[in-house]
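Beneath this line is the structure, given in structure tokens, with notes to follow.
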Amino acid sequence: MKKNILSIVLLLISSIVVAQKTQRIAYIDMEYILQNIPQYLEAQNSLDAKVEKWKTKLDKEARAIEVLKTDLINEKAILTKDLVDEREEDILIKQESLRRLESLYFGPSGDMYNLRKQLIQPVQDQVYSAVQTIAARKKYDFVFDKSSELVMLYSNKKHDISDLIVKMINIDQRKQEKKDKIAAKKELLKNEGLSDEQKARIKRKEDLKNKKEADRLAKIKQIEEKRQARLKERAAKRKLLLEKKAALKKAQEEAKKKKEAENK
């Protein structure tokens, strides 16, 4: 596939060169550009940290399930059928929960996809916008990406506009930062001009928003606490049953020994 694409591009370039000597061609190195944009590096580091955190959580859940499976195998002989069924059901529920969590993090529309889009897509859009601006300004007919699947057999450095792209993006970002500071200052001045009643109304809205978020987190915590309580209750029942079985087995062994002693 790559060979076909390369052949088509080379044929296109050669035709252009032969047909019109005035055609202008440039190329960029997308990887180089992104690695020289601080905002992109910060976004990538933030994304990597989140991904590592999600993987750690998934690994922890997976290990916990394996422990449950091992315990069931080791204790299955002394458990009642109901307890075996209950444990197997608990394992299946946890496995399904793990699959859902994995899909939530790394699925096609999962958290990683959304976070990447949120953090990195704006920077990539800036790059494409800068390419279009520079190509129009310098009247380039074609701009290729050196770091893409297209294999460039030769490239003259004088046609590399990557540094120009980086420079333009950094300038645009500094302008945006300046605009944001001005907007923040205006907002601060605007709030200073508000009456006490208006300030109190804004504060009430913020407090209500914070309360809703706190209530949501509290509800999640309550659900988790109930789930943990159910698990502890099941564990206590299993422990009690095992103790009863052990006591019964001991009593049977003692009765057997006593009977054997009487028969002698």
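The values are calculated or read from the model by the stated rules, or taken from the named source; none is laboratory data. Remember, predicted model here, so these are calculated numbers, not experimental data. Neighbour counts run over all protein chains shown; Cβ positions are idealised from the backbone, glycine included. Each accessible area value is taken on the protein alone, full model and side chains, heavy atoms only, with ligands, DNA and RNA left out. Shrake-Rupley method; radii C 1.70, N 1.55, O 1.52, S 1.80 Å.
Does Val143 fit the bill of being open to solvent by less than 90 Å² (accessible area, probe 1.4 Å), in a strand (DSSP E or B), touching a helix residue (DSSP H, G or I) at 6+ places or on another chain (Cβ under 8 Å) and assigned by the TED database to the domain that holds Asp48? Working first, answer last.
Values: open to solvent by less than 90 Å² (accessible area, probe 1.4 Å): yes; in a strand (DSSP E or B): yes; touching a helix residue (DSSP H, G or I) at 6+ places or on another chain (Cβ under 8 Å): yes; assigned by the TED database to the domain that holds Asp48: yes.
Here the answer is yes, as Val143 does meet what is asked.
In segment 114-139, what count of residues is obtained for those that are of a type in the set (A, V, I, L, M, F, W, C) and open to solvent by 60 Å² or more (accessible area, probe 1.4 Å)? Can you show your working first?
To start, the set of residues in segment 114-139 that are of a type in the set (A, V, I, L, M, F, W, C) comprises 115, 119-120, 123, 127, 130-131, 134-136.
Restricting the remaining residues to those that are open to solvent by 60 Å² or more (accessible area, probe 1.4 Å) gives 136.
Looking only at that region, the number is 1.
Name the pairs whose Cβ atoms lie under 7 Å apart, with the first residue in segment 245-259 and at negative phi, the second surrounded by 10 or more Cβ atoms within 10 Å (Cβ to Cβ) and in a helix (DSSP H, G or I), and 6 or more positions between them or separate chains?
Lys245/Ile78
Could you list, in sequence order, the residues of segment 160-179 that are crowded, with 17+ Cβ neighbours inside 10 Å and under 18 Å from Lys146 (Cα atoms)?
Ile161, Ser162, Leu164, Ile165, Val166
Among Arg116, Arg87, Arg100, which is the only one that is part of a helix (DSSP H, G or I), in the same structural domain as Tyr27 (by the TED database), charged (D, E, K, R) and without any contact (Cβ under 8 Å) to a residue 12 or more places away in the chain?
Arg100
Among the candidates Lys178, Lys237, Lys211, single out the residue that is at pLDDT below 80 and in a helix (DSSP H, G or I).
Numbers: Lys178 fails: at pLDDT below 80; Lys211 fails: at pLDDT below 80.
The conditions single out Lys237.
In segment 138-150, is there at least one residue being without any contact (Cβ under 8 Å) to a residue 12 or more places away in the chain and more than 15 Å from Glu31 (Cα to Cα)?
no
Could you check segment 188-208 and list, in sequence order, the residues that are assigned to a helix (DSSP H, G or I) and modelled with pLDDT under 70?
Leu188, Leu189, Lys190, Asn191, Glu192
Of all residues in segment 32-70 being hydrophobic (A, V, I, L, M, F, W, C) and touching a residue at least 40 places away in the same chain (Cβ under 8 Å), which is farthest from Val127 (Cα to Cα)? Write out each step before concluding.
As a first pass, look at segment 32-70 and keep what is hydrophobic (A, V, I, L, M, F, W, C): 33-34, 37, 41, 43, 47, 49, 51, 54, 58, 62, 64-65, 67-68.
Applying the additional criterion that residues be touching a residue at least 40 places away in the same chain (Cβ under 8 Å) yields 33-34, 37, 43, 47, 51, 54, 58.
Values: Ile33: 8, Leu34: 8, Ile37: 10, Ala43: 15, Leu47: 19, Val51: 25, Trp54: 29, Leu58: 35 Å.
Per the stated criteria, the residue is Leu58.
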